[in-house]
Amino acid sequence: MAEARTSVEEHLDRVLATITALPPVEVTLAEAAGRVLAADVAAAVAVPRFDHAAMDGFAVRAAEVASASSGTPVELPVVGTVAAGDAVHPLPEGAAIRIMTGAPVPPGADLVVPFEWTSGTDPVRIRQPAPAGRHIRRAGEDVAAGEVALRAGARLGPAQLGLLAAVGRPTVSLRPRPRIAVISTGAELVDPAKGHTLRPEGARSAVGAVADSNTATLAAAAHAAGAEVSSYGPVTDDAVAFRDVLAAAAESTDLVVTTGGISAGDHDVVKAALHDVEGFWFGPVAIRPGRPQGVGTVTTADRRRVPVVTLPGTPVAAYSSFLLFVLPALRALAGGPPEPRQRATLGAPVQATDRTVLLPAAYDDHGRVSPLPGHAGHSQRLLAEADALLVVPPTGVLLATGDVVEVIGLASRYDTAGC
Ligand SMILES: Nc1nc2c(c(=O)[nH]1)N[C@H]1C(S)=C(S)[C@@H](COP(=O)(O)OP(=O)(O)OC[C@H]3O[C@@H](n4cnc5c(N)ncnc54)[C@H](O)[C@@H]3O)O[C@H]1N2
Ligand code: MOO
């Protein structure tokens, strides 16, 4: 009998339905890098703030130099000098003022003639005319005072932070960094920092110990997404112990993610502890890897409802499910728009099935993406070698070389940590 399974999109909607964007806080620009604006920002001051010279040269009246040529230069006395930051004096008729790039344009002047077109002397001989306005940057020509400089939802990278500084906004309203708690579960798991030969605390046997790799992966992925991460694990297969850890984690976080213990086994602790919590959902999603999933909320002592996303324990499934379901939840907590979908051209044919399949894949020299050879379903090695996960849609058709498919980039997520 065919099993009822929800689609990836339905499960993502179910996860996002548990999320409320965090209330905004006011922070300085120094603290704002990489974060998401909670409200539109209007310019407190115009950019440029005043009409200023775009070249080093002479401020003049365009009409007075209109006849200038190299054969018959126009000669004007130089009545002053103005540099960036200087107070400005009006330009008398029939005269020029030496002016430096960035200096305010003297009232009366409407043209800056670059030094290269002049003798550079006093009196100055100007060899070339130009229309009024040339080499002058007008007040507000980039951003007018009061104009919206950045919209709510904008992510604050280097250029956006510079713009906020320029428009006179030393602080901005942002969503706080989301806090995420990562809880790995499984009696077989040992903290890799403690070595692999240890018998896991509470283990049924010393044989079969497995290093907890999900915590390392998910903590890094959440950190790269801008979240503040706390890790609580590995937790053994005891529902009471798990509930205690979950309750403690929920008190000081905005989102809990668990791994393991949600399929059909005798020791599936997460499911046992949460399946009768009101509103909690467990079930299969039509995706491979990552079929068993769950989501719901728990309530803290101060009546906050904290979303809990329960991911499968198998490491490849845990990471890919995190990218599909938890990253969008973190973005929604931070008030950001969904991450734009990435697409790529297939470098090899791929057979689609009746469910979404994620394949570790690599780009070739032409920028086309192909599944890595030797895919065995749950290879952490292949995942570590992959540039991207290829998202094969549940269409059942044969995708041809050259078809455009969705991908989830892997390497690029961590580029910025590389220096
Ligand atoms: N009878 C059924 N069995 C299974 C089903 C099912 O539907 N019916 N689903 C299979 C699928 S698909 C997956 S995926 C797994 C998911 O199971 P759980 O989420 O309950 O995960 P565990 O059983 O706890 O662990 C699975 C596997 O992964 C290893 N693991 C778990 N956590 C970690 C960790 N933090 N670091 C490294 N490795 C971890 C664990 O040792 C197991 O080998 O269930 C299938 N079974
Ligand atoms: O859904 Mo699972 O395919 O073994 O990850």
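What the chain shows is 48 Å² of accessible area per residue, with the surface traced by a 1.4 Å probe over protein heavy atoms. Under a 5 Å amide H cut-off, with hydrogens placed 1.01 Å from N, Asp40 pairs with Ala152 among residues at least 5 apart or on other chains. Sites listed here are trypsin sites (Lys or Arg not before Pro) in the range 341-374 whose DSSP assignment is loop and whose Cβ has at most 12 other Cβ atoms within 10 Å: Arg341. Sparsely packed loop sites in the range 278-308 (the trypsin sites (Lys or Arg not before Pro) outside DSSP H, G, I, E and B with at most 11 other Cβ atoms within 10 Å) comprise Arg303. Magnitude of the charge dipole for the range 239-382, about its Cα centre and with charges confined to Cβ atoms of Lys, Arg (+1) and Asp, Glu (-1), is about 340 debye. A Förster radius of 22 Å, combined with the Cβ-Cβ distance separating Gln128 from Glu93, puts the computed FRET efficiency at roughly 0.60. When a 1.4 Å probe is rolled over the protein heavy atoms, the share of accessible surface on the chain that falls to carbon and sulfur comes to 54 percent. With a cut-off of at most 16 other beta carbons within 10 Å, and DSSP calling the residue loop, which GluC sites (Glu not before Pro) in the range 39-135 qualify? Please list them. Listed in order of number, the matching sites are Glu93.
Across Glu278, Glu31, the residue with the most accessible area heads the list, and the full order at a 1.4 Å probe is Glu278, Glu31. Magnitude of the charge dipole for the range 342-414, about its Cα centre and with charges confined to Cβ atoms of Lys, Arg (+1) and Asp, Glu (-1), is about 160 debye. A simple charge model with +1 on the Cβ of Lys and Arg, -1 on the Cβ of Asp and Glu and nothing else charged puts the dipole of the range 298-419 at about 560 debye relative to its Cα centre.
Comparing Asp387, Asp254, Asp403 in a Gaussian network model of the chain, where Cα atoms under 10 Å apart are tied by springs, the biggest mean-square fluctuation is seen for Asp403. Helical content of the chain, expressed as a calculated mean residue ellipticity at 222 nm, amounts to -4500 deg cm²/dmol (DSSP H runs of 4 or more residues, -39,500 (n - 2.57) each, divided by residue number, nearest 500). Label point of Thr101 set 7 angstrom out along Cα-Cβ; within the range 122-143, amide nitrogens under 16 Å from it belong to 135-138. Potential lengthening of the chain between Thr395 and Ala17 amounts to 133.4 nm, from the contour at 0.36 nm per residue minus the alpha-carbon distance.
When both the range 31-81 and the range 257-300 are represented by their alpha-carbon centers, they are found 63 Å apart.
Site pair Ala84 and Ser67 shows an inter-label distance of 3.7 nm when each label is modelled 7 Å from Cα along Cα→Cβ. Here the simple spin-label model places points 7 Å from the Cα toward Cβ, and for Thr28 and Arg343 these points are separated by 4.5 nm. What percent does the relative contact order of the range 260-419 come to when contacts are Cα pairs within less than 8 Å and at least six residues apart? It comes to 19 percent, rounded to a whole number. Between Asp266 and Asp191, the C-beta separation translates, for a Förster distance of 25 Å, into a calculated FRET efficiency of about 0.55.
The values are calculated or read from the model by the stated rules, or taken from the named source; none is laboratory data. Owing to the predicted nature of the structure, the values given are computational and were not obtained by experimental measurement. Cβ sites come from the backbone with ideal geometry, for glycine too, and all protein chains shown count toward neighbours. SASA here: full protein model, heavy atoms, side chains in, ligands and nucleic acids out. Shrake-Rupley method; radii C 1.70, N 1.55, O 1.52, S 1.80 Å.
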